[in-house]
1. Checking A:THR248 against (1) surrounded by fewer than 20 Cβ atoms within 10 Å (Cβ to Cβ); (2) within 28 Å of the chain's Cα centre (by Cα); (3) not in a helix (DSSP H, G or I), which single condition isn't satisfied?
2. Pick from the stretch A:414-454 the residues that are of a type in the set (Ser, Thr, Tyr) and part of a loop (DSSP other than H, G, I, E, B): which of them is surrounded by the fewest Cβ atoms within 10 Å (Cβ to Cβ)?
3. For the stretch A:366-390, how many residues are facing chain B (nearest Cβ under 7 Å), under 50 Å from the mean Cα position of the chain (by Cα) and over 22 Å from A:SER400 (Cβ atoms)?
4. Of (1) part of a helix (DSSP H, G or I); (2) hydrophobic (A, V, I, L, M, F, W, C); (3) within 14 Å of another protein chain (Cβ to nearest Cβ), A:VAL343 satisfies all except one. Which?
5. Among the residues of the stretch A:247-263, are any closer than 15 Å to A:LEU330 by Cβ, touching a residue at least 40 places away in the same chain (Cβ under 8 Å) and either of a type in the set (A, V, I, L, M) or outside the structural domain of A:ARG303 (by TED's automatic domain parsing) (or both)?
6. Can you work out which of the residues in the stretch A:462-503 that are under 41 Å from the mean Cα position of the chain (by Cα) and of a type in the set (Gly, Ala, Ser) is nearest to A:GLU714 (Cα to Cα)?
7. Out of all the residues in the stretch A:342-384, which are modelled with pLDDT under 90, surrounded by fewer than 17 Cβ atoms within 10 Å (Cβ to Cβ) and closer than 23 Å to B:LEU83 by Cβ?
8. Given the condition in a helix (DSSP H, G or I), crowded, with 19+ Cβ neighbours inside 10 Å and not assigned by TED's automatic domain parsing to the domain that holds A:PRO644, answer yes or no: does some residue in the stretch A:493-500 qualify?
Amino acid sequence: MSAEAFGLKTNQNLSPAVPILASNGGCAVDESSNVTLSPGLRTDLLDLDAWGDILMTYGRTIKVAVALTDCDGRLLGKCHNVQPVWKLIRDATPDRGAGCPFCLSTRPPCTAIAEALQTGEAVIAYDQAGLTHVAVPLLLGKQQLGAIVAGQVFDRFPEPLALRRVAKDFGVSAQKLWELARGQRPVSRSVLHASSELLGALGQAFLRQRYGAIFQAHLAATNQSFRSLVEGVRDYALFTMDLSGRVTSWNGGAERMLGYADADILGKNFACTFTPEDIQNGLPEKQLRKALRAGRSVDEGWRLRANRKQFWASVNITALLEDGGPIRGLAIVMDDATERRKVANILEEARQARARLQENFLSHVSHELRTPLTAIYFFTTNVLDGLLGDLTREQREHLSLALENVKQLKDMVSDLLDITRVETHKLNVEPQHASSAKLINEALSTCRTNAEAKNISLRSEVAPGLPFVWADPARVRQILINLIDNGIKFTPANGSITVESRRFAEDDGFLCLSVSDTGCGISPANRELVFDRLAQVKSSAEASRSGLGLGLFISRELVLRHDGRIWVESQLGQGSTFYFTLPVFSLAKLCAHVFTAANLEAGSVTLIAVDVVAVEGGVQADILFEIRRVLERCIHAFKDVLLPSMSDVEPVVTFFIVACGPSAFQVIASRIVRELQNFDNASKLKPVVSSTTLLVAPGHPREEQIDEVTARIERLVQAHLLGKERLK
Amino acid sequence: MTGKKILIVDDDQHLLLGLTPRLKANGYRVLSAADAISAITVARKEAPDLVILDLGLPAGDGFVVLERMRSLADLVDIPVIVLSARDPAVNKQRALDAGALAFFQKPPDNHEFLTAIRGALGETVALSSFLKT
C-alpha cells in the first residue's frame with residue numbers, strides 16, 4: 001500500500017492508511033470504518049502557505065478574489081488577489097475567522113459553501129446586490145475539509161472618503177486607485193461558472209497531493225523514529241537475520257555488546273556469537289529451527305564477543321511475520337546478563353553459606369544435645385529396668401513418662417538435622433527392594449505404646465499380592481511413624497488409625513500408602529499449609545506438645561526424594577487421610593544399564609545364582625547383610641547388578657546377580673569363592689555358583705526385549721528358589 | 001557370668017556412669033578410658049574383649065584410636081562398636097571402613113545396643129561361625 005496509490009483514489013474510505021496515521025493520533029476510525037481526521041491533520045491538509053500559491057495563481061488568472069474557508073464558512077488565512085474596490089465595500093480587512101468574504105449578508109454561514117459541501121459540487125451564489133461568488137468543496141473521501149470561495153469584483157464606484165482611506169492603505173494615490181477601480185472588468189457570470197469546475201478540480205487535486213505528502217512525511221518520520229529508537233538502545237543488542245541465520249541488520253547496542261562493527265558482521269552467520277562447544281553441539285541451528293517452528297526461541301547461555309571473551313547472555317529470537325504471511329526474517333534481542341548472573345550466584349552462594357552455617361550450627365547443637373540426652377536416657381532406663389532396685393508403681397509411671405519425653409526430644413533433635421539437610425540438599429534416600437507390608441508393621445509396632453496410652457486402635461490393611469517398593473526402608477518407616485504419631489496426636493481417645501497399602505490407581509508404577517485417623521480433621525485452608533515448614537494447626541489441646549511441626553515437612557521432602565507424591569484428604573470433625581506414593585520395584589529399572597539391545601542380542605547378559613549353603617544347620621539371618629557386602633565386592637559396580645533378596649531366609653540363602661560380559665560368570669564365580677573363604681575363615685559356608693545366559697531374539701523393539709528378559713529372570717528365579725529347576 | 005571385659009572409651013563421665021550398670025547387669029566387667037591415648041594404653045594392658053568407642057575424644061579422636069588399634073598386633077582383633085553423637089550420615093561408613101563393627105548414634109536403643117554387643121562378643125553370632133545351633 002503506497003501513499004501515492006492511496007492519494008489518487010477518490011471518494012473512498014481512508015481506512016488503509018489508518019495504521020500509520022493512527023499511530024500518530026492523526027485519524028480514527030468510526031464504526032462504519034470511516035476515517036475521522038484529527039484537527040491537527042486538518043490544519044496540515046489546509047496549510048495556508050501551501051495553498052497560497054495555487055489560490056493566488058488562480059485568482060490572478062481568472063481575475064477574481066479567492067479564499068479558503070472551513071466547513072462553517074469561516075475564512076482561513078487571507079483572501080487572495082483582493083481588489084481595492086471590493087475591499088472598500090467590505091469595509092474591513094477580511095481576516096482569519098471572519099465569515100464568507102463574498103456574501104453581502106453578514107450572517108453566516110454562507111449558503112453556497114454549505115450547499116457545496118453537501119452536494120460535493122461547485123455552487124454559485126447570487127446575492128441581492130447582484131454579486132456573484134462560487135464555492136467549491138474540499139472533500140477527502142467522505143470527510144469535509146472546507147471550501148474554496150472565489151468572488152466577482154464589485155462594480156460600483158466607491159465613495160470619495162472611503163476611496164482615500166483605501167488608497168492610503170494600498171500606498172497609492174486616490175487618483176491611481178480610482179483608475180484601477182475603473183479599469184476593472186467584472187468577470188462575467190458565465191466565465192465564473194465555467195472556471196468553477198476548474199477551481200473544483202484544482203482544489204481536489206491539490207488536496208490529495210497534500211495528503212500524499214503528509215502521509216509520506218509521516219511514514220518517513222515513523223521510520224526514522226523507529227530507527228533511532230532501535231539504534232538508540234544501548235543496553236540490548238538488537239539485530240535481525242535471514243532464515244539461514246545470516247545477520248541482516250545490527251544496532252549500536254549489538255556493536256557495543258558483541259564488539260563487531262556493522263561492516264564486519266552483516267552477512268555473517270549468527271553462530272559466530274556462540275562458543276565452540278555450543279557450535280559443536282549444534283545449538284545455533286537448534287535455536288534457529290525452534291524460532292522458525294514455534295515463532296520464538298528463548299535461551300540463556302554463554303556467548304562470545306568479537307574479542308572471544310565470554311559473557312552470559314539472555315537471548316530472545318522472534319520470527320518476523322507479515323500478517324498471515326511467510327516468515328521474512330528473525331529478530332534477536334540479546335541482553336548481557338553476566339552481572340546479573342554474578343549477583344544471582346553471589347546471592348545463591350550466600351544462601352548456601354548461610355544454610356551450611358545453619359547446618360553446622362544445628363549439627364553442633366544436635367551433637368551437644370545428644371550427649372546429655374544419652375546420659376538421661378541411660379540413667380532413666382537403668383532405674384526403670386530395676387537395675388538399681390525395685391520401684392513403686394508411681395515411681396515407675398513417672399519414669400516411664402520421663403522416658404517418653406527423652407524419646408520425643410531425641411526425635412526433635414533428629415528432625416532439626418533433617419531440616420537443615422533439606423536446605424543444603426543433603427537429605428538423601430537410599431532406595432532398595434522393600435516390602436510395604438513389612439514397613440507398615442514395623443512402624444505400627446513402634447507407635448503402639450503411644451496409641452495404647454490414648455486407647456486408639458491401630459489397624460493395617462494391605463492388599464494381597466502387592467509388588468515390592470523401591471524405597472529407603474528407614475525413611476519410609478520415618479514417614480509412616482510421623483503420619484501415625486500425627487494421627488494419634490489429633491485423634492481423641494477411643495479413635496482408630498488405619499494404615500493401608502495398595503496399588504496406586506493413577507499410575508501402576510507406584511503403590512499408594514495411606515494413614516487415616518478419626519481425629520478432628522483439617523480445614524480446607526489448613527490443608528495447603530500442613531506440609532509447610534514449622535506448620536502447626538492451632539486450637540488443639542495437644543498443640544503445645546506436638547513437637548517442632550517439622551514432621552510433615554520432612555515427610556514431604558522424603559516422599560519427593562522417592563519421586564512420590566504426598567497429599568491429604570480430610571473432613572472437619574471426621575478425620576484425615578494422608579496419602580503418599582512410592583515407586584514399585586522394577587527389575588527393568590534396576591538393570592536398565594545391563595539390558596541394552598546390544599548386550600541382550602549378543603547374549604552377554606548372564607543370570608548368576610549364588611547359593612550359600614551352611615555345612616551344618618542353616619545360615620543365620622544376622623549375617624545375611626555381611627554376605628551381601630562380600631558379594632557386592634565381587635561384582636563390577638557399574639556393569640553388574642546384585643538383585644535384592646527375593647525370598648525370606650531359607651536354610652540355603654540364594655543371591656542373584658545379573659552380570660554382563662563374555663566371561664562374567666567365570667570371573668565372578670572365582671571371586672565369590674575366594675572372598676567368601678576370606679570372610680568365613682572357619683569354612684562353615686559353602687557357595688554354589690550357577691548361571692544361565694539370557695539371550696533375546698534380535699530386531700524386536702527394546703521395550704519388548706526388556707519385558708521378555710525380565711519375565712524370564714522372574715521365572716528362572718522362582719523356579720530356582722522352589723528347587724524346581726536350578727541354574728547350571 | 002562370662003566376665004568378659006568391655007572397655008568404654010568416652011570423655012563423658014555421666015555416660016560411663018549410665019552405661020556401666022547395664023553392662024554389669026549383663027555380666028560384663030567394665031573398664032574405662034577418657035581420651036585417645038589412655039584408650040590405647042588401657043587396651044594394651046587389659047586386653048578387653050570389646051571396645052565401645054566415642055568419636056569425639058581429647059588427644060585425638062575415635063578414628064585415631066581405630067587406626068592405632070588396627071596397626072597393633074595385640075589390638076587388631078578386638079571388636080569395636082562406635083557410640084557417638086555425631087551424624088551417622090557422615091561418620092558411619094567412615095567408622096566401618098576404619099574397622100569398627102557397628103555404629104550407634106547416641107542415644108542408642110538399649111536392646112539393639114546390647115544385641116550388637118553380644119554379637120560382637122560372639123555370644124550369639126560369631127563372625128567365624130554363622131550357623132544356627
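The values are calculated or read from the model by the stated rules, or taken from the named source; none is laboratory data. The shown structure was predicted, so the numbers you read here are calculated from the model rather than taken from an experiment. A quick note on method: Cβ atoms are made from the backbone with ideal geometry, for glycine too, and the neighbour counts reach across all protein chains shown.
1. (2)
2. A:THR424
3. Result for the stretch A:366-390: 1.
4. For A:VAL343, the failing item is (3).
5. Yes, the stretch A:247-263 contains at least one residue that is closer than 15 Å to A:LEU330 by Cβ, touching a residue at least 40 places away in the same chain (Cβ under 8 Å) and either of a type in the set (A, V, I, L, M) or outside the structural domain of A:ARG303 (by TED's automatic domain parsing) (or both).
6. Looking at the filtered set, the residue picked out is A:ALA471.
7. Once the filter is applied, which keeps residues that are modelled with pLDDT under 90, surrounded by fewer than 17 Cβ atoms within 10 Å (Cβ to Cβ) and closer than 23 Å to B:LEU83 by Cβ, the stretch A:342-384 yields A:ASN360, A:HIS364, A:VAL365, A:GLU368.
8. No, there is no match, as no residue in the stretch A:493-500 is in a helix (DSSP H, G or I), crowded, with 19+ Cβ neighbours inside 10 Å and not assigned by TED's automatic domain parsing to the domain that holds A:PRO644.
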